[in-house]
Structures are given as C-alpha cells and as structure tokens.
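Below is one structure; the comments refer to it alone.
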C-alpha cells in the first residue's frame, strides 16, 4: 500500500477546477455520470461492480458508471475530485484522514481481509506465527501495516524478511520460502504450477481491516447523498448477483485482463466468497461496516506509529 503526501494532494486539489465530484455536474440522457477507480486490474475482487454495470443495475438507479483502473493513484484522484468513487483499504483511509484528507468509506467488499502469508504445506506450520518464528525466508512489501503488526506480535522473528517482488518464482524454487499473498491470486497461481501452498490469513492474527472499500470525498457525500445511496444500492445488488453467478462478469473482466484465464477467474471468485458474505452481512447487508472494527484498526495503527493523529472512527465511514 502506498500513501501519498498531503502536499501532493493539495497540489492536485489546487488545479482540479470543476471536477467530476462537483455537485453541479450535469446528467446526460437522464443518467448521472459517475466514475469508479479501481486499485488493481480487473479481477474477481471487483466482480460485483462489473456485474452492476453490465446488468444495468446502475442505470436502473439513474447512474451512468464508468470503471477505470489506477492502482497507484486512487487516493490522489478521489481527494482531488477527479473521480466520484474509488477503491481503497481501511488502513489507507485511516491514514489519509489522519493527514486531514476527507475520504469516507461507503461499502466494504471484504469483511475478512484477503491478504495472507503463503507457505509450503510440506513445512507443517500450524499458524501464521510459525512462519515468523521459524527459520526460512519471508517476502513481504516493506512498511505495510500488517507486516509491522506481525513482526511486533510474533517477536522474536527468526525468519529472514526480504522484499516482495510480485512473483511466485522464488516460492516455487524453495521449500523454505514464504511470501505475502492475496487469497485470490498467488495461491491459485502456485497450485496451477504444481505447488501445495498453505495460506494463513493476516486476519487470523488479529489485524483485520476491511478491504476493497468504496470511498468518496466527504463533500461529495454531503452534496450528493442520493447519488451515493443509489450507487451503493446498485453495487450491493451487483455483488449479490456476482456471488450467485460470476460467469458473465468474469467473462467481461477476462477480456480486459488477459493475464488471468477463465479457470482462475472461476477459482478466485469461489475462494473469496466466505470473505465477502458473512453472518454480519447476511443480517445487515453486503458491504456493511461497524464502528467497533474501525476503532480497533485506528488503535492498532496508532500503536504501530502509522498515524500520529487518530481520526474519530465514526468519521471514517457511513453505511448508506
């Protein structure tokens, strides 16, 4: 996860003019145009959004939705008013708000964080702490909040920590090699190449921020409440449809992302289901969030010294 400086965002804001989040933006053909910026390429983690777009669910709610990807720049684009909606992780949102950036969470796709540590089943490790406390090599992206959390919780760390290179080459070559993973990505790729990976979810360690969160700017929410409510209502329906039958949206995303084959799309959609639909979402609706979860995360980030000025939990999110 990469955080941008407040200075850079202020520079973008100063030149944004009458951007897409301006409440005076006009409708076209009876549909209000809005944009959603994804934080990764089209994959099953975004299936519900494509489902809502392609099945006309957004249009049924009076919206003309454009979906684009800009993995490195979602925070900047949302903060600068260049897009009405974006996808971020909860710890990114808390960090942004601690810097005075008014970004608000609206809908959390992942109730259980999909990040994990992937190791070889042959090692016989029983839980995530075993990866940290035993010799071997662990590839992770330096500076991530969950990495710092794991290092602190499972100290003393005996594993050699090295930078993650967005590949499974070293994992496939060494039985003592472990690495960070997204449950719908690296483990499936490793299995496809003949490995037997075991995945320990970061959430099982006690660090479980919401992920795949739809965000907007606070002023856009205030001035366009009905548009936001319509977008989230259609998104919720889109995700339910995708969970029930992902084939059509997977085919659409497959045309946009040639790096993932149809089988992997299907396997990834199935693997993520229990992280999206939970007892809480069955009671309160897909995407729901709680003040308690946000407060816990804020406290953890403060303890890790990731934030110096903790924002109030209730200002980080709404459930439209």
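Kindly establish whether residue 157 is in contact with a strand residue (DSSP E or B) (Cβ under 6 Å, 6 or more places away or on another chain), touching a residue at least 12 places away in the same chain (Cβ under 8 Å) and over 30 Å from residue 237 (Cα atoms). It is false that residue 157 is in contact with a strand residue (DSSP E or B) (Cβ under 6 Å, 6 or more places away or on another chain), touching a residue at least 12 places away in the same chain (Cβ under 8 Å) and over 30 Å from residue 237 (Cα atoms).
Do we find a residue being surrounded by 19 or more Cβ atoms within 10 Å (Cβ to Cβ) and not in a helix (DSSP H, G or I) anywhere in segment 242-249? Checked segment 242-249: at least one residue is surrounded by 19 or more Cβ atoms within 10 Å (Cβ to Cβ) and not in a helix (DSSP H, G or I). With respect to the stated conditions, residue 297 fails to be buried (at least 18 other Cβ atoms within 10 Å of the Cβ), closer than 30 Å to residue 191 by Cα and within 17 Å of the chain's Cα centre (by Cα).
Is there a residue in segment 57-75 that is under 20 Å from residue 221 (Cα atoms), under 17 Å from the mean Cα position of the chain (by Cα) and part of a helix (DSSP H, G or I)? Looking for residues that are under 20 Å from residue 221 (Cα atoms), under 17 Å from the mean Cα position of the chain (by Cα) and part of a helix (DSSP H, G or I), one finds at least one in segment 57-75, hence yes.
Return yes or no: is residue 273 out of contact with any strand residue (DSSP E or B) (no Cβ under 8 Å at 6 or more places or on another chain) and part of a loop (DSSP other than H, G, I, E, B)?
Numbers: out of contact with any strand residue (DSSP E or B) (no Cβ under 8 Å at 6 or more places or on another chain): yes; part of a loop (DSSP other than H, G, I, E, B): no.
Criteria not met by residue 273.
Between 288, 278, the distinction of being closer than 23 Å to residue 51 by Cα, surrounded by 14 or more Cβ atoms within 10 Å (Cβ to Cβ) and in contact with a strand residue (DSSP E or B) (Cβ under 9 Å, 6 or more places away or on another chain) belongs to 288 only.
Just for segment 197-231: of the residues that are under 16 Å from the mean Cα position of the chain (by Cα) and outside any strand (DSSP E or B), which one is nearest to residue 138 (Cα to Cα)?
Filtering first and then ranking leaves 202.
May I ask you to list the residues in segment 238-290 that are in contact (Cβ under 8 Å) with a residue 24 or more places away in the chain and closer than 13 Å to residue 210 by Cβ? Result: 275, 276, 278, 280, 281, 286, 287, 288, 289.
Laboratory data are not the source of any read-out in this text; all were calculated from the coordinates shown. Please read these numbers as outputs of a predicted model, since none were measured by experiment. Ideal geometry is used to build each Cβ from the backbone, glycine not excepted, and the neighbour counts take in all protein chains shown.
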